[in-house]
Amino acid sequence: MEKRLLLAISLSFFVLFFWNLTHPPTRTFNAVRPNFLESENRLTDPVPLTPEKAVPPDINQKEELTTLNNSKLTVTFSNLGGSIKRIVMNEYNVSLPLTNFNQTENHNNLNYHIIEKNDFFIKYSANFEGNQIIKQYSLLPNEYIIKININTNFNKNSEIISFRLDVSSLDKNERQSHDKSLLEYSIATTQKVVRKANAYKLSNKDMLNSKEQVSWLGFRDRYFCAIYKPLFKNEGYSTQLDNDKLNFIIEADNNVGNSLDAVLFFGPQDLSLLSSYPYDFDGIMRFSNFGILNSISKIVYKFLHFIYKIIPIWGICIILTAIIVYLIMYPLSINGMKSMKKIQSLQPEITKIREQHKNNPQKLQKETMELYKKHQVNPFGGCLPLLLQMPFFIGVYQVLWRSVAFKNAKFLWIKDLSQPDHLFAFPTSLPFVGEYFNILPILMIIIMVIQQKFSAKNMVIADPAQESSQKIMMFFFPLMIGFVFYNIASGLALYFTTFYLLSSFTQWKISKIT
């Protein structure tokens, strides 16, 4: 009866989940996409050059900053280079270690003048050596997108610096310095996606030069990403390293003309949001280098967001996900534990065989395998279920660690599921613990100790030294796990606390089997 109930609950959730995947609801986020996002349409009409407005360049010109904003972004422009200097996401009040978006190579410090501007639009012009460059930027209401146009009368190929990665700013930013290992830049071409993890470490090895046409260039941290999409035909890309700054350069095709369009996305790593644009922006999101783990992570991600559509409380969604994963893994877990208990029950006989044939390894192995065969025990039966569960654990960990949806999400006493739960603050900072008392890791330690005690009841230990080691591990292992999880995101701690609580029930049930 119990197995049928578990199977029915699991099947019900999966039927709903796969129905949602194959029959997705109409997207309410900007349900009608702006026309410029249609790949077959031009971004803008060519910007006419206006030599009568030419102003001689001034190499001593001081930098003048201009700011535009919409509900999503605050964008700061510089007259030096006529480029985007900085972008801030308003909802999260964060930026990325990127600067100098949309510069033209070799004209980085050219003085630009504003020739047109309103609340969501700015147009710059610059003149040099008989040439003129006009740059215009447009922000759309309620969008993480900036549309860009460069118009020139160059007689040679244009090289565009899509953005500059400046890692010198990372140590000054507590959020980014804490998660530096998650920094990654990507270069998507028509053939492949080149990725560089740990992108805070720059060296000459990062100097790239390719003639493959660029689809997009991107950079991401734990939660957010920037993607530069050239809408003009190009002849490849290169990177240039200058101290702690890495420029990403795209070379326009000879026949592309003088008007170069591009789209810049600057926002959260939200799979549904990125997929809503017709540029394969969702390709920047990768949870693992291994295809199978990445696929499992994306299934977990979609399943978690599916539950959120039904119950829009992220804490409840995390708990329900832990329960569903537990139910799915239950048959594997229970069979693995039963197999382990069978193996443990044979320990006295195995010990005798070891004593009898301690000088004959071949005979020892043969007698042991015959004992397993006689009692119909698979010696790997306890390990195999654990190995099969590992990809799911890794997938869940990656999703809960990197999901921007948990940022600022509250649940019970937890103020932010992307941060430790911080039940209360200590009067002073304590060694190994820090400034706050986090209750979830403490609950996890208690639950794991109880689980270890149930597990010990299922073991038959003939060696006193092994029994002593087992008692030490009963407390050491939970303390080690609690230490690892103490300052980790409370969303992760909530998931694993729930999962270990359910696993303790399984261990208790196995301990009752004679």
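For the cross-link pairs 342/363; 342/366; 245/407, the ones whose C-alpha atoms lie over 25 Å apart are 245/407.
Charge tally around residue 229: other residues with Cβ under 12 Å, Lys/Arg +1 each, Asp/Glu -1 each, net -1. Report the calculated FRET efficiency for residue 387 and residue 90 (r = Cβ-Cβ distance, R0 = 51 Å), to the nearest 0.05. Approximately 0.65, to the nearest 0.05.
When only Cα pairs below 8 angstrom with a gap of at least 6 residues are kept, region 252-393 shows a relative contact order of 22 percent. With 0.36 nm allotted per residue and the present C-alpha distance subtracted, the residue 254-residue 108 stretch has 50.4 nm of extension available. What the Cα atoms of region 65-156 give is an Rg and a Dmax of 13.4, 44 Å. A full extension of the chain between residue 366 and residue 335 corresponds to an added length of 8.6 nm, given 0.36 nm per residue minus the alpha carbon distance.
My understanding is that a pair violates if its Cα-Cα distance is over 28 Å; which of 180/415; 62/117; 192/233; 72/229 do that in this structure? Working shown, then result.
Values: 180/415 24 Å; 62/117 20 Å; 192/233 17 Å; 72/229 19 Å.
Violating the 28 Å limit, Cα to Cα: no pairs.
If you plug the beta carbon distance of residue 328 and residue 115 into 1/(1 + (r/R0)^6) with R0 = 60 Å, you get a FRET efficiency near 0.45. Take region 109-153 with all the other protein chains still there, run a 1.4 Å probe, and you get 36 Å² of accessible area per residue. Between residue 272 and residue 352, the FRET efficiency from the beta-carbon distance, with R0 = 56 Å, is close to 0.35. Annotation for residue 375 and residue 310: the two label points, set 7 Å from Cα along the Cα-Cβ direction, are 4.2 nm apart.
The values are calculated or read from the model by the stated rules, or taken from the named source; none is laboratory data. Bear in mind that the values here come from a model prediction, so they are computed numbers and not experimental data. All Cβ positions, glycine included, derive from the backbone under ideal geometry; neighbour counts span all protein chains shown. Accessible surface is based on the protein model in full, side chains and every heavy atom, while ligands, DNA and RNA are left aside. Shrake-Rupley method; radii C 1.70, N 1.55, O 1.52, S 1.80 Å.
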